[in-house]
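Participant: Handing you this structure, nothing more for now.
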Amino acid sequence: MCHKCIKDEYPTRDRMVLESGSFIQNLLACSECGTRDIKNADKHEQEDEDGTEVITFSHRCSGCRHVIAIHRHTFAVEDGYQEYAMECSLCGHAQDSHCVLPDDPRHSLQAQLL
């Protein structure tokens, strides 16, 4: 990770979880060559012992291949919910959750409280 290339390290992205791509607005420029164009490279996919899918890749300068940031994305299904998370010094950190059940119990509970 290169803090010289990035405007704001690990920005909060709320629920904006990126499995691929990059948050280019957060890129200053490559500190090595000044290029402002990046490519995703070195993609690795694996599954943890608990069934969580983990995808990691590097954001690299397209000019000199300098590593700007390492991107980590996780996906798991827990208790009827698809859980997504992202951590990257360029793209930020975020989490999101989607119910896979016909009726989302969290929404039913919220309606009862209102």
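Participant: Are there GluC sites (Glu not before Pro) in the stretch 48-86 that DSSP puts in a loop and that have at most 16 other Cβ atoms within 10 Å, and which ones?
Facilitator: Passing sites in the stretch 48-86 are GLU49.
Participant: Calculate, in nm to one decimal, what ASP79 and SER97 gain on full extension: separation in residues at 0.36 nm each, minus their alpha carbon distance.
Facilitator: Values: separation 18, 0.36 × 18 = 6.48 nm, distance 1.11 nm.
Extra length available between ASP79 and SER97 comes to 5.4 nm.
Participant: Find the accessible area per residue for the chain; the probe is 1.4 Å, ligands and nucleic acids are left out, and the unit is Å².
Facilitator: Values: 7210 Å² over 114 residues.
That works out to 63 Å² for each residue.
Participant: Give me the one-decimal nm value for the distance between modelled label points at ILE55 and GLN25, 7 Å along each residue's Cα-to-Cβ direction.
Facilitator: Output for this residue pair reads 2.2 nm.
Participant: Suppose a student asked you for the relative contact order of the chain, using Cα pairs under 8 Å spaced at least 6 residues apart; what percent would you report? Before the final figure, lay out the partial values.
Facilitator: Values: 240 pairs, mean separation 32.4, N = 114.
The value is 28 percent.
Participant: Which aspartates and glutamates, on any chain, are close to LYS4 with Cα under 17 Å apart, when same-chain ones fewer than 8 places away are left out?
Facilitator: Filter leaves GLU32, ASP37.
Participant: Turning to a different aspect of this structure: Give me the percent of the accessible area of the chain that comes from carbon and sulfur atoms, probe 1.4 Å, all protein chains in place. The partial results should precede the final answer.
Facilitator: Numbers: 3300 of 7210 Å².
Carbon-and-sulfur percentage of accessible area, whole number: 46.
The values are calculated or read from the model by the stated rules, or taken from the named source; none is laboratory data. Since the model is a prediction, treat every value here as computed from it, not as a measurement. Positions of Cβ are backbone-derived with ideal geometry, glycine not excepted, and every protein chain shown enters the neighbour counts. When the accessible area is computed, the model is the full protein with side chains, heavy atoms only, and any ligands, DNA or RNA have been set aside. Shrake-Rupley method; radii C 1.70, N 1.55, O 1.52, S 1.80 Å.
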